[in-house]
Amino acid sequence: MVEKNPVANFWPQFFEPFRHMGTRLAEWVAPASEASSDDDAYHITMELPGVAEDDIELNVQGGVVTVKGEKKTEREEKGDTWYFSERQYGAFSRSFRLPEDADPDGVKADLKDGVLTVTLPRTSPKTPEAKRVPISRG
């Protein structure tokens, strides 16, 4: 008979709620995004308030669009009898797998009022040609 040690069982149970905290935190600070499409293109919009254009990196590789960036804000206010200083820093990365008919060479991006819009045109659908298959008599 194996004796159970209540102290040995305590530690795994204690740390279990914290096990995936890093993943949950990354999901929480990831910028809100939305993907949509129309007949001509695919559109990805991301909310990036306070992120400078120079702090955003957009890559398309292997059928995946990746947006990386870093938010750096500093605010300082002074009064006669008070002082307030606040700093926020945080890196983010979001990736989106592209459908087969997306044209990665035609990607365009626009940053306006804290919203990044990435547009990927659709390629014209290729109609497969019918191939005649000879039938042999065997």
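The values are calculated or read from the model by the stated rules, or taken from the named source; none is laboratory data. Since the structure is predicted, the reported quantities are computational estimates derived from the model, not experimental observations. Positions of Cβ are backbone-derived with ideal geometry, glycine not excepted, and every protein chain shown enters the neighbour counts.
In the range 100-136, the qualifying residues are those that are of a type in the set (Gly, Ala, Ser) and assigned to a loop (DSSP other than H, G, I, E, B), and the one that is farthest from Thr73 (Cα to Cα) is Ser136. Please find, within the range 81-123, the residue that is nearest to Val67 (Cα to Cα) out of those that are acidic (Asp, Glu) and in contact with a Ser or Thr (Cβ under 7 Å, 6 or more places away or on another chain). Taking the candidates together, the pick is Asp110.
Residues in the range 84-108 that are farther than 14 Å from Asp40 by Cα and surrounded by 15 or more Cβ atoms within 10 Å (Cβ to Cβ): Phe92, Arg94, Phe96, Leu98.
Of the set (1) of a type in the set (S, T, N, Q); (2) farther than 24 Å from Thr123 by Cα; (3) surrounded by 13 or more Cβ atoms within 10 Å (Cβ to Cβ), all apply to Thr81 but (3). Take the residues in the range 50-59 that are aliphatic (A, V, I, L, M) and in contact (Cβ under 8 Å) with a residue 40 or more places away in the chain, then tell me which one is surrounded by the fewest Cβ atoms within 10 Å (Cβ to Cβ). Per the stated criteria, the residue is Leu58.
Of all the residues in the range 60-72, those that are assigned to a strand (DSSP E or B) and exposed (fewer than 13 other Cβ atoms within 10 Å of the Cβ) number 2.
Within the range 82-99, being modelled with pLDDT of 85 or more and in a strand (DSSP E or B) holds for Tyr83, Ala91, Phe92, Ser93, Arg94, Ser95, Phe96, Arg97.
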